[in-house]
1. Show me the trypsin sites (Lys or Arg not before Pro) within region 216-271 that DSSP assigns to loop and that have at most 12 other Cβ atoms within 10 Å of their Cβ.
2. For residue 200, what residues show an amide H to amide H distance below 5 Å, using hydrogens built from the backbone and excluding near sequence neighbours?
3. Take the Cα radius of gyration of region 227-269 and divide it by 2.2 N^0.38 Å, with N its residue count; two decimals is plenty.
4. Which residues' amide hydrogens lie under 5 Å from the amide hydrogen of residue 256, considering only partners 5 or more residues apart or on another chain, with H built in the peptide plane?
5. Put +1 on the Cβ of each Lys and Arg and -1 on the Cβ of each Asp and Glu in region 203-271; which of 213, 269, 225 then has its Cα farthest toward the positive end of the dipole?
6. Give me the tail of P(r) for region 194-252 as a percent: Cα-Cα pairs with distance above 19 Å.
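Each value in this text was obtained by applying a stated rule to the coordinates, not by laboratory testing. Here the structure is a predicted model, which is why all the values come from computation and not from measurement. For neighbour counting, all protein chains shown are included, and Cβ atoms are generated from backbone atoms with ideal geometry for every residue, glycine included.
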Amino acid sequence: MDIKEYISSGIIEAYVMGLATEEEVSILECVRKNNLEVEQAILEAQKTLEDFASVHAIPPPTEVKDLIWNKISQQPAAEIPEAAASFSPDDKPAVEDAAVPVRSLTTRNFAIAASLLCALSIGANIYLQQENRRRDIAISELATANETTLLALQSLQNKWKLLQDPAIKTITLAGVEQHPDLKAHVFWNTKTTEVYLSMENLPAAPEGMQYQLWAIVDGTPVDAGVFPLEDIGEINAMHRIEKAQTFAITLEKEGGNPTPTLSQLYVIGNI
């Protein structure tokens, strides 16, 4: 159980005002015995309501003490409590001693305060929940943006390292007639025969399909590997190629084909 979330849920205010269900009361009573933070929150809520009721209490009318005294005076002596019998009219109890009316008014004030506080608490909880949701969304969006930026920077750094290597040949693969705006880059290490491919602006492959790189060696296409489905835009190591005159990319069924589908040729570039 998240104690902070439990405290902010409004259950404590409902408990203090007597609005909680039996099940909620039972759970809260159990929790407060084992959690000081919840106990403190309950005490603070009770004090807040009491202070509110005290500040906004309505003093009883001055006629109340006269009514009380007259009522006592009309009772037979035997029925008058000993403490009351010893009073004289000049010793009428102060209005503050009129426990029952004061308690009644205080209870009414407490109920009003409790209702107001309940409404404020519910409104505050809704506002806080909305703010928390907005904050979580903003944090998530910022994290995603930061991750995307880091990946882009890493990709640029990797490309820069490849470009700085004198053994690397960079071959630009331009889009064919059907895809004139597409582009990819092949980084071929002529010493180690390692091949790296960057898809640049090629669109994501349709479901069940995958891009495949080909090296054209003496007029014969040689499989140079399929590009990972989830890494469009990244630099990936492909199959080693010892020699080639051209590189090309086709769209094939997932897993690749032994021979290229020329009707699905996307980009091609000569060395």
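1. Details: sites: 240, 243, 253; in loops: 240, 243.
Sparse-neighbourhood loop trypsin sites (Lys or Arg not before Pro): 243.
2. 185, 233
3. So the Cα radius of gyration is 1.23 times the expected 2.2 N^0.38 Å.
4. none
5. The one lying farthest along the dipole's positive direction is 269.
6. Values: 448 of 1711 pairs.
Value for region 194-252: 26 percent of Cα pairs lie more than 19 Å apart.
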